[in-house]
Every structure is written in C-alpha cells, then in structure tokens.
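Working notes, structure below.
The values are calculated or read from the model by the stated rules, or taken from the named source; none is laboratory data. Since we're looking at a predicted model, the values are computed, not measured. Neighbour counts run over all protein chains shown; Cβ positions are idealised from the backbone, glycine included.
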Amino acid sequence: MTRTTAHAGRTRAFRRLTAVGLAALLAWTLQGPLGSPAGAGPSDTGLKGALDTILSDARLDGGAVSVVVADAATGDTLYQRDSGDRLMPASNTKISTSLAAMAVLGPDHRFRTEVLASTRHRDGVLRGDLYLRGTGDPTTLASDYDRLAARVAAAGVKRVTGRLLADDTRFDRLRFGDSWAADDESAYYAAQISPLTLAPDTDYDAGTVVVQASPAAAVGGRPVVALTPRTDYVRIDNRATTVGAGKPDTLTIERAHGTNTIVISGEIPLQGSPTKEWIAVDEPTGYAAAVFADALAAHGVRVDGPTRLGVKTPATAQLLAGHSSMPLKELMRPFMKLSNNMHAEALTKAMGHETAGSGSWSAGLDTITAYLKKEGVDTAQLRQADGSGLSRKNLFPAAQLARLLVAVQDSPWYADWYASLPVACHADRAIGGTLRTRMCNTPAALNAHAKTGSLTGASALSGYVTDKAGRRLVFSIVLNNYLASSVKSIEDAIVVTLASSDTAAGTIATPAPPTARVSGRDAGLECAWRKPEAAC
C-alpha cells in the first residue's frame, strides 16, 4: 500500500512512544479515558448518533459492546463505545496470529514434509527404518502423500526391512488448545494439532476425515458409507437404517470419545440426500502415517515392521523424497477466508519453534505478544490463549484490534495479508469467504474487507471500509453476552453506515434498522464451520 513520507514518519514516531505516552495519546484522541461510560467519545458530528442508534438494538440488551472506528491513514478515532473493555473476540483472534505469522515466518515460508531412510538401500532393499517427518503443514492432502510414496518407489526402494516411523517431534504433544470445549472433540473445527497431519480436501481442514452416508437401495438396509480419503485408520460402526421415502432424516455421524470409531445412527429416507460430516480423528500423526503406509503399498513398497509414532529422525538419515506446502502468503487465503482454526494453531506452534526452538502454544503465544508490542499494541490490555479464537479465555478490546489494523499497513507484506481478508458480498467463496453473503446491495459490498468472528454469545467484525468520499476507515466491533441467535446484522449496519457516509464532512447516512438474519442450530459458530457449509 502506498504511504506518504510524512505518514511513515508519524507511524515511526507513534511506535517510539512509551506505554504511558500511548495511554495519554489514546485518552486525548478519544476525549475521555478507556472504559468511559457507554456512548462517551468524540464530539457528535452525526456519526456518534448514528452508530449509537444501531447499538441500541434490543438484541444487545444486557450484553457487552466494544467498538472503534478510526481514520486508517492517521489513526485518529472517529467513534468509540467502551473501546477499552476486554471481550471475547472469537475468530478476530486470527488477526493477531496471522499478522505475527507473516512477520515472524515470512510470506514465503513453506512447510516441509519429508521421507528419510536410516541407511542406504541396495538392490531395492532398505535394511533399516523409513521416517516420515512433518514440520506443521496443515494443507497436506492424501495425494501429496501418494506422490511422496511414488518418489520412494522411483528411488528404487521395494522393501523396507524395518519400521515406518512418524516424526511429529517438531511440536509438543499437546493436541488441544486451552479450554477448548469437550463436546467439540469430534468437531472438525476443533481437530487435534500435530506437525504431521492430513486434510481431506482443499478446504484444508487438517486432522479430519469426510464421512458420507447415503440411503441403501431398499428400506431396512444399512446406509452406504464412503470415506475421504479412503482409510482403515478409522472404524465405522454403522447402526443406521434406511426408511421409507418422505420420512424424517434423523441420521447422525459422530466419533466416539477417545477412539477412532465413527458411529452412524438414526434413520435416512430412501432416495434422500446423503448426509456428509467432516469428523476430527483421534491422533492425526497416526492418521497421516496410515494413509502414507497405504500409498507405499499401492506403489509396490513393502514395509516389514510396524508403524511407530513420535520418533525423532536421526541427523544421519538420508532424504528420499520431500513435499513443500504453498507459501504462507497463499496459505493465508484459505486460513483467513474460511476461518480455519487448525491453520491458526499450526502457525502459532511453528512461530514458537522458529523463535524459541519450542513448537508449543506457550512459545508461540509469547512470539505473537512480542510482535504485537512492536506494532504499538498495549498487550497488558488483552489476553490471547490460542491462535484461532476457539478458546473462550481470549480477551481483546476493540481499541487494540483497531490500533493493530492501523499500524500494520506499512508492513512490506501487507498487501498479501489484506488480500486474505473476507470481502463483503463477493460471490466467489475463495474471495468473499465468510462475508460473501453479507452487506449485499449496499455501498459496503465489495468494499468492506474484514475478519469475522463467532462463538455462542460472542461476535466480532474488524477490518477496513472506504466511506462515500473515499476516506479509508478502520473498524473493530466486538459484541458479547447477548442471548439472540445472531447479531451479525448489527455489525453489518455499522459498516454499511460508514460506507454510505462522508465522515470527514460529517454527512452521515441514516442507518437502516438491523434485522436478525441467522437462526437455528449452530448459529453461534462461524458460517464456514457449519458443514456442509451454510450461507454465510
């Protein structure tokens, strides 16, 4: 993004301010201290009245609100409502994680998955062990493991007298994030985190398998089950029944606690639509190793010994084949557009390994905190407990999210990161992401670029929009503790009002009353997490 020399100087000066200076500057900008009474802020030029009206929606009664609107070029605050209050940001947590990853790992960072041998092979026989080593790639597909196996075969290996050893030692052994809900154990959006894993499709939901159940050919038959990828790593316990056409579809697919047994139960009507679920596996390292072992066998490579997990590859091992992920600047797209939790956590642990030699959440979160401090964020005012926002321990004030969005604009990789944000009403899922059906037929359509966030009772939207006169704005909206199924239309009404107004001239559009637009099961989740995916 082009920035003037004068503005670049102001940005550098802003970052040199002490913590005391930053607090004083914010208090002066907001014309009142952080955490001041609701509605307090800059003198009312019309914007305050318009946004306060939107936030008076009855769905927020008894709830909590933290909102900031700022000039993207100068950082000057145009509106604030309890901007210092710490609220759950849900997937807006991915803003800090993704920005830190671009800065720490670099936009050209690639994850490597490698196959190595303990000894040289002769006459097609490798008299030793074969190692499969992962470094955190959450985008590895079954086809990638198949290509690795094909290269092992092409290298002349036909038999391995030892074992297949899966090296997942790049990260620690913790598979679940801090305070992730126990009832999400088999939910694909809360899959276990390992540096050696597998995604079933190009949504890159690492650590999951797709299970599809279709009606049998006749009433009374068991549904026909298909897995993607095909694997024996999970076991199917099919208890479901096909019933007559037109009867209710009650079929469910879930993984039994602590196992890799997937239970299919209920009823599916004859000639009805298949039921498809993305199910998180137990121990993704074993899942990846099992799929790779099958690929080796398919390419004529026999492994005599058993598969073992968690074994570190010796320094003397010799490389047979390798696979590189897409560069991080490209991985940012499925990560941010579809709000992919496993990407966020893999990147968090990868940052920990990069900076501290420890692929742990604690090391990764320390790295993110250090990055935020460099960008002028007051990290004493927030808490980040995981990389994705799935943890309900995350607490961010809108003021700090907005400050980060202003500060990051002069980063050399900013354009690539900005391109990863969902775009309002862009019909292409790869561009519009979780905003692709929102704010359509308004001035915010194809204009607002922002990260969504949703958990039960927590919703957020933070990003950028250009107003009617061409002024670029930063906004951060964090809403908590409401009982309604959704408050997304309140967020949309704020952004549409900004896009419809001339904020510099004080010509503010009259906001349209927001109306509820999402209800039903899982309304408290990101729309991209409801598979098969619901309208966002």
Could you tell me whether any residue of segment 449-460 is in the same structural domain as Ala509 (by TED's automatic domain parsing), crowded, with 21+ Cβ neighbours inside 10 Å, outside any loop (DSSP other than H, G, I, E, B) and touching a His at 6+ places or on another chain (Cβ under 7 Å)?
-> no
Every listed condition ((1) crowded, with 21+ Cβ neighbours inside 10 Å; (2) under 34 Å from the mean Cα position of the chain (by Cα)) holds for Ser273 save (1)
Restricting attention to segment 421-447, the residues that are more than 26 Å from Lys329 (Cβ to Cβ) and touching a Lys or Arg at 6+ places or on another chain (Cβ under 8 Å) number exactly 1
Any idea which of Ala415, Ala419, Ala427 is out of contact with any Phe, Trp or Tyr (no Cβ under 9 Å at 6 or more places or on another chain) and without any contact (Cβ under 8 Å) to a residue 12 or more places away in the chain?
-> Ala427
Matching entry among Asp184, Asp137, Asp167 (being over 17 Å from Arg230 (Cα atoms) and in contact with a Lys or Arg (Cβ under 7 Å, 6 or more places away or on another chain)) = Asp167
With Pro284, Pro274 as the choices, which residue is at pLDDT 95 or above and within 30 Å of Gly220 (Cα to Cα)?
-> Pro274
Checking Asp178 against (1) under 16 Å from the mean Cα position of the chain (by Cα); (2) within 24 Å of Val234 (Cβ to Cβ); (3) part of a loop (DSSP other than H, G, I, E, B), which test does it fail?
-> (2)
Could you identify the single residue in Thr250, Thr259 that is of a type outside the set (Gly, Ala, Ser), outside any strand (DSSP E or B), touching a residue at least 12 places away in the same chain (Cβ under 8 Å) and closer than 30 Å to Val311 by Cβ?
-> Thr259
Based on what the data block shows, is Ala450 among the aliphatic types (A, V, I, L, M) and touching a Gly at 6+ places or on another chain (Cβ under 6 Å)?
-> yes
Ala166 being in contact with a Gly (Cβ under 9 Å, 6 or more places away or on another chain), farther than 24 Å from His323 by Cβ and surrounded by 22 or more Cβ atoms within 10 Å (Cβ to Cβ) = no
Return the only residue of Asp366, Asp378, Asp294 being free of Cβ contacts under 8 Å to residues at least 60 places away in the same chain and surrounded by fewer than 21 Cβ atoms within 10 Å (Cβ to Cβ).
-> Asp366
Which residues, counting only those in segment 392-425, are surrounded by fewer than 21 Cβ atoms within 10 Å (Cβ to Cβ) and either part of a loop (DSSP other than H, G, I, E, B) or at positive phi (or both)?
-> Arg392, Lys393, Ser411, Pro412, Trp413, Ala419, Cys425
Give the residues of segment 182-194 that are small (Gly, Ala, Ser), over 21 Å from Ser362 (Cβ atoms) and part of a loop (DSSP other than H, G, I, E, B), sorted by residue number.
-> Ser186
Going by the conditions given, is Ala23 closer than 24 Å to Ala90 by Cα and modelled with pLDDT under 50?
-> no
Subset of segment 350-362 [assigned to a helix (DSSP H, G or I) and touching a residue at least 12 places away in the same chain (Cβ under 8 Å)] | Ala350, Met351, Gly352, His353, Glu354, Thr355, Trp361
Are any residues in segment 120-138 surrounded by fewer than 24 Cβ atoms within 10 Å (Cβ to Cβ) and in a loop (DSSP other than H, G, I, E, B), and if so, which ones?
-> Arg120, Asp123, Gly124, Arg127, Gly128, Asp129, Thr135
Do we find that Ile490 is in contact with a strand residue (DSSP E or B) (Cβ under 9 Å, 6 or more places away or on another chain) and crowded, with 24+ Cβ neighbours inside 10 Å in this structure?
-> yes
Considering Asp237, Asp183, which residue is out of contact with any strand residue (DSSP E or B) (no Cβ under 6 Å at 6 or more places or on another chain) and not assigned by TED's automatic domain parsing to the domain that holds Ser143?
-> Asp183
